[in-house]
């Protein structure tokens, strides 16, 4: 891959995600796409393909979002078809984390790596796994059969449980933070920005980190537990998957590297098996907040051209 | 694969693993191989190839065991070469868990599955990942460069950390069981037979399960925590890897299915994402205690014939 492969972003239109159901979300996506085209003076009819990054699980082949804990009412939504119909172009959807991994792998921090894991620490915690230069079987080894369909996109890295209640006389979920997915003890339940803010009663995780920096004890406890959860995830990924790079993106990773990348690196160095620990680099994502857009464009371009074996 | 592919075991020679270093262990393996040949009346000169199953991490291509926490002094040992020299035949080594997965995948509980995880719950907790019908890149995505060698065999499923100290004012490893690997909070540190016995002060895990069945509180606590650790592992494997089968072998899984397979199944059903949870079966290993031997024979046969793309 060469630098010219990195897409140029010529216009953008950002909107808050509606909280009143899938129709409103789809309408907002369509309005946003039209807004971006209009600002760039690009006639809709000249658009060859569009990429849409979405939370999962979803089936990127059929374009259906199956279930997603963080979007209200998004279940069994034919997202690609509904967008294509209203935008009048081919639409390729994929998980946000897969598109981000594609971008980081093709033009970002994992360029040249064949075996890497992309982790995002942001509102949620997610990621995807690239093996031998492919998300294979996409996104990893899964081939789920859900309602007769091949729903293969289910690498939910943020939902590895990394904590348990040690006191056997107490219920299994006692004291463990509940996760949006309905389970408890997930990495995401400790280290997602939305969860940290909720636990502290703040508007966002930035406030929690700021309070911790001032020495506020309750904030520091939340930050410490998030670090421990990310440390467990990092050690587990290295011991089980042996990647050559772990790319860590997302807004919290970007703004709080000392509380995200550093604890991950330290844990790998102190606690993982030596062979895979020496082989792995933990790198900040190179593409910042645009990673999802870049990945969507790269994936749509490849898939529209009938290529994309790298990630299909 | 057809049933005739299942090797017949015509003689066996079992010995305890010496605890006084690699030379003694290698001598015992050689003596055991000669013993088995002699009982079967097979002249050593007619042997085409031998397979040797070993704990890892190891490099199956060079035949070197890199480090292993459970064998005294086994570090950087050229096991395949040293055995080949003394046995006068080709020797193919591999991780015990990989050979077990090969056997279960070719002639056992995962036959026909392309994407499965093999987990063993025994003296230790381990496993391996098969993706798209291959351990690829063997055993999973890893390509470690260790002292210039391609040491790719590092899927240490038992060493995913599944617990953390929730009280941020206490040290990160406080109250967490130490693992043989030097880390803490690993699945193995909770659910390995050797660790359970050690925590209880018993000679083996069977005593702990028996005491728990009698209602002994301390034993029940150990069993409950082991179940919680295995539940976390199961949910994490399903959410992150989305396998079609999880084959669970090892002596503890075999003797205590209600404390191993059942909590894994229950946790998947109650806590994992629905799409991958509906797609996965948790199956007891089909090949029992012979799984390692069968896998070693199958792998040696394929590799000696220059085949074995399935797992090489």
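All of the numbers you see were taken from the coordinates with simple rules; none came from a lab. Every value quoted in this text rests on a predicted model; they were computed, and no experiment measured them. We place every Cβ from the backbone using ideal geometry, glycine too, and count neighbours over all the protein chains shown.
Details
- Principal-axis analysis of the Cα atoms of chain B puts helix B:261-271 at an angle of about 50° to the longest axis.
- Cα long-axis angle, helix B:291-304 against chain B (0 to 90 degrees, to the nearest 10): 40 degrees
- Note on A:266-274: average number of Cβ atoms from other chains within 10 Å of each residue's Cβ is 5.
- The alpha carbon radius of gyration of region A:85-127, expressed as a multiple of 2.2 N^0.38 Å, is 1.43.
- Each other copy places its own label point for residue A:28 at 6.4 nm from this one, sorted shortest first, where the point lies 7 Å along the Cα-to-beta carbon line.
- Dimensionless Rg/Rh of the protein assembly as shown - Kirkwood Rh, Rg from C-alpha atoms: 0.99
- The stretch between residue A:38 and residue A:178, if pulled fully straight at 0.36 nm per residue, gains 46.1 nm over its current Cα-Cα span.
- Whole-number D in µm² s⁻¹ for chain B, Kirkwood Cα-pair radius fed into Stokes-Einstein, 25 °C, 0.890 mPa s: 122 µm²/s
- For residue A:44, the point set 7 Å out from Cα toward Cβ sits 8.1 nm from its twins in the other copies, listed from shortest up.
- Ranked by how many other Cβ atoms sit within 10 Å of their own Cβ, fewest first, the residues B:8, B:123 fall in the order B:8, B:123.
- In nanometers and ordered shortest first, the copy-to-copy spacing of the residue B:14 label point, defined 7 Å from Cα toward Cβ, is 6.4.
- Reported value for region B:1-83: 128 Å³ per residue, from the convex hull of its C-alpha atoms.
- Convex hull of Cα atoms in region A:239-312, direction-averaged projection (nm²): 5.9 nm²
- Scaled against 2.2 N^0.38 Å for its residue count N, the alpha carbon radius of gyration of region A:13-139 is 1.10.
- D (Stokes-Einstein, µm²/s), Kirkwood Cα radius, region A:152-217, 0.890 mPa s at 25 °C: 187 µm²/s
- Whole-percent P(r), region B:164-293, all Cα pairs, 10 Å bins from 0: 13, 37, 37, 13, 1.
- Shown for B:48, B:240, A:107, A:248: other C-beta atoms within 10 Å of each C-beta, ranked fewest to most, produce the order B:48, A:107, A:248, B:240.
- Efficiency of FRET from Cβ geometry, residue A:255 and residue A:169, R₀ 45 Å, rounded to 0.05: 0.65
- Helix A:96-107 axis, angle to chain A major axis (alpha carbon atoms, nearest 10°): 80 degrees
- Spin-label model, residue A:78 to residue A:203: label points 7 Å out along the Cα-to-beta-carbon direction sit 4.1 nm apart.
- Sorted by Cβ density within 10 Å, fewest first, the residues A:195, B:203: B:203, A:195
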